[in-house]
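One structure below.
The values are calculated or read from the model by the stated rules, or taken from the named source; none is laboratory data. None of these values were measured; they are calculated from a predicted model. Ideal geometry is used to build each Cβ from the backbone, glycine not excepted, and the neighbour counts take in all protein chains shown.
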Amino acid sequence: MNWITRLIERPSTMLGGSKQDMPEGLWIKCPDCCEAVYNKEMQRSLMVCPKCGHHHRISAAQRAEFLFDANTFEQLDTDLRSQDPLDFRDKKKYRDRIKDASKKVGDEDSVRNYLGDIGGQTVSASIFEFGFMGGSMGAVAGEKIVLGMERALERRCPYLLVTASGGARMQEGVLSLMQMAKTSAVAKRLKDARIPFICLLTHPTMGGVSASIAWLGDIILAEPGALIGFAGPRVIKETVNQELPEGFQRAEFLLQHGLIDDIVDRRELRDGLKNLFGQLLQRIYRQAEG
Amino acid sequence: MPRSYLDFERPIAELTSKIEELSSMGEDAGVNIAEEVEKLRTKRDKLIKQIYAKVDRWQMTQLARHPDRPYFLDYVPLMFDGFQELHGDRAFGDDGAIVGGMAYFREHAVMLVGHQKGRDTKEKIRRNFGMARPEGYRKALRLFQLAERFEMPVMTFIDTAGAWPGVDAEERGQSEAIARNLMELSAIRVPVICTVIGEGGSGGALAIGVGDRLYMQEFTTYSVISPEGCAAILWHDREYAEQAAEALKPTAKDLKDLNLIDGIIPEPMGGAHGDVEKTAELMGDVLEQALSGLLATPLPDLLEQRQKRLRQLGLFSSAG
């Protein structure tokens, strides 16, 4: 089954989608090429502009719809809630920021966990929701990523991480920073257990998420045009006081500098992943059968 | 070199110069100067105690960055013997912001890795103010793995504003370099003891900060982002750094309260910059005790405890 047939089968979820980042109206103007695109056509091409290939941001829920085989996936680990260990407040209380983000996005934090099939292969997946406080990683996101990895370890199935994050969540202080160490430690267990771990870096993947779990997959893929890096471009510009190179920190730039394995068009992602999982697991399947 | 004083240390500076003035007048002044100087010294000690007893989080941030604060290489000759520096990542270059090498620590052969900020302008530039590039973290990893092969415990000393935010660092994979260190340190087969000796600046600190024990010296900070950076993002104004420092809770005591560190290493009265020898001794004693404990732990237990320790990091609730 390909994405077209899935679309026909489940038009409600595809077309209804989630509220944020989903332009309303019959026509959408692509911000990149400025062409007007028929809304339904845009959604049929997984929110990739059919004219110029610009990858529009999508929610974690949409991502799951686009990735998994129909009726094979469920969301898990939804019971974790962020505490406010520092009793943090800036102009606004951290507790209120969480409440507002939950109301806006409908999620309880910045990562969704799933178990489902991709091309017939069961996969444990964690998907960042950028709409929730910029996809920032605090204790809940860190724990969910770990739970996703541990599920892959238990079931001996691949683990897929889709990132979209501004970095560690400042409002949880050093506890957020330590999520980098926590997730990286469990990634080591995946490596040792030879569990395939694929990272898909989407726009944007920065800071503490970039400098930890995002870079620890066996294979690292990125969406076209995604901004990926440790320090943000504005910080770098202020620090070095010079113009940044053309396309700096974009997926294409990273590919050119040998930092990622490949760039994958969203419309080809499912087939691409199915292929990769098959190749990575072939020998291990044979051993299991033999 | 004359000492530098932070704003809140001003009263100490004033008393100190008065003491120096009086002492330099010598015996020929006729009055009983020795007695007067002694009085002033007592007064100064009291003042130092008072001021340091109530430093707030922003002052603590400044103390952690104090220009006179001892750096990693100031401690090396005081705490270790036979230090042999080992340079380079074998791939791109030698990053002066991270120094590494082997030494004896009270009879134990150990691997040392630490940030180095640089004292004078020339050295600061050579060491990039202690902000490491990917080759720095990769050198550190090379030394961690060397230590693992020869069963040498690793001791790291953290003192950085953060990883270098530069075009070159991004081009060579700053994120990847930090991420790899976090992963490899989580399972390296020798004891690892990490100590914050100044600024613990975010991912750049953590990249040599994952281990079996984490200590902080008394007047140091460890934070997910600098107060200035946090203020710029959340208050849209760097001037709010003081408020950001309060909100981020980055002091040794804060981290101890959150159960994120194993202990606070005391500093002499007036901070490490007042008495480097004493500071080194106090730190050495704590680290020696930690090391003996870890060396007495069977390796499988050590590794399991480290994994557990990392696994349980974080506070959240379960809605059920």
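Remarks
- B:THR279 being away from every other protein chain (no Cβ under 11 Å), touching a residue at least 40 places away in the same chain (Cβ under 8 Å) and of a type in the set (Ser, Thr, Tyr): yes
- Sole residue being of a type outside the set (Ser, Thr, Tyr) and in contact with a Pro (Cβ under 7 Å, 6 or more places away or on another chain), chosen from B:HIS87, B:HIS108: B:HIS108
- Pairing residues of the stretch B:288-299 that are farther than 15 Å from B:TYR104 by Cβ with residues that are loosely packed, with under 15 Cβ neighbours inside 10 Å and of a type outside the set (A, V, I, L, M, F, W, C), at Cβ distances under 7 Å and at least 6 apart in sequence or on separate chains, gives B:LEU299/B:ARG189.
- Here B:GLY130 fits the description: crowded, with 24+ Cβ neighbours inside 10 Å, modelled with pLDDT of 95 or more, more than 13 Å from chain A (Cβ to nearest Cβ) and under 12 Å from the mean Cα position of the chain (by Cα).
- Qualifying positions in the stretch B:244-273 - without any contact (Cβ under 8 Å) to a residue 24 or more places away in the chain and either touching a Phe, Trp or Tyr at 6+ places or on another chain (Cβ under 7 Å) or among the small types (Gly, Ala, Ser) (or both): B:ALA244, B:ALA247
- Selection count, the stretch A:180-203, where residues are of a type in the set (A, V, I, L, M) and within 11 Å of chain B (Cβ to nearest Cβ): 7
- Some residue of the stretch B:206-223 being of a type in the set (Ser, Thr, Tyr), more than 8 Å from chain A (Cβ to nearest Cβ), surrounded by 24 or more Cβ atoms within 10 Å (Cβ to Cβ) and part of a loop (DSSP other than H, G, I, E, B): yes
- Residue in the stretch B:159-166 that is away from chain A (no Cβ under 12 Å), within 16 Å of B:VAL113 (Cβ to Cβ), touching a residue at least 40 places away in the same chain (Cβ under 8 Å) and surrounded by fewer than 23 Cβ atoms within 10 Å (Cβ to Cβ) present: no
- Qualifying residue in the stretch B:44-64 (condition: modelled with pLDDT of 90 or more, in contact with a Pro (Cβ under 8 Å, 6 or more places away or on another chain) and of a type in the set (S, T, N, Q)): yes
- Conditions (1) at pLDDT below 85; (2) in contact with a Gly (Cβ under 6 Å, 6 or more places away or on another chain): number failed by A:GLN62: (1)
- Residues satisfying the criterion are present in the stretch A:165-175 (criterion: buried (at least 24 other Cβ atoms within 10 Å of the Cβ), free of Cβ contacts under 8 Å to residues at least 12 places away in the same chain and over 12 Å from the mean Cα position of the chain (by Cα)).
- Any chance A:ASP69 is out of contact with any helix residue (DSSP H, G or I) (no Cβ under 6 Å at 6 or more places or on another chain) and either under 22 Å from A:ASN113 (Cβ atoms) or within 14 Å of chain B (Cβ to nearest Cβ) (or both): yes
- Qualifying residue in the stretch B:182-194 (condition: facing another protein chain (nearest Cβ under 10 Å) and free of Cβ contacts under 8 Å to residues at least 24 places away in the same chain): yes
- Residues in the stretch A:213-259 that are of a type in the set (Gly, Ala, Ser), facing chain B (nearest Cβ under 9 Å) and either within 14 Å of the chain's Cα centre (by Cα) or farther than 30 Å from B:LEU185 by Cα (or both): A:ALA214 only.
- Residues in the stretch A:256-279 that are surrounded by fewer than 18 Cβ atoms within 10 Å (Cβ to Cβ) and touching an Asp or Glu at 6+ places or on another chain (Cβ under 7 Å) were compared, and the one that is farthest from B:GLY166 (Cα to Cα) is A:ILE263.
- Within the stretch A:103-135, the set of residues being buried (at least 24 other Cβ atoms within 10 Å of the Cβ), within 14 Å of chain B (Cβ to nearest Cβ) and part of a helix (DSSP H, G or I) comprises just one member, A:MET133.
- Helices (runs of 4 or more DSSP H) (entirely within the stretch B:111-177) containing at least 2 residues that are over 20 Å from A:THR239 (Cα atoms) and assigned by TED's automatic domain parsing to the domain that holds B:GLU288: B:134-149
Here's the yes/no breakdown for (1) within 19 Å of A:ALA185 (Cα to Cα); (2) more than 21 Å from the chain's Cα centre (by Cα); (3) not in a helix (DSSP H, G or I):
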residue	(1), (2), (3)
B:LEU255	no, no, no
B:GLU267	no, no, yes
B:GLU281	no, no, no
B:VAL286	no, no, no
B:GLY293	no, yes, no
B:PRO300	yes, yes, no
B:LEU303	yes, yes, no
B:LYS308	yes, yes, no
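- Whichever residue in the stretch B:224-266 is within 13 Å of B:VAL196 (Cα to Cα), buried (at least 23 other Cβ atoms within 10 Å of the Cβ) and not aliphatic (A, V, I, L, M) and, among such residues, is farthest from the other protein chains (Cβ to nearest Cβ): B:THR251
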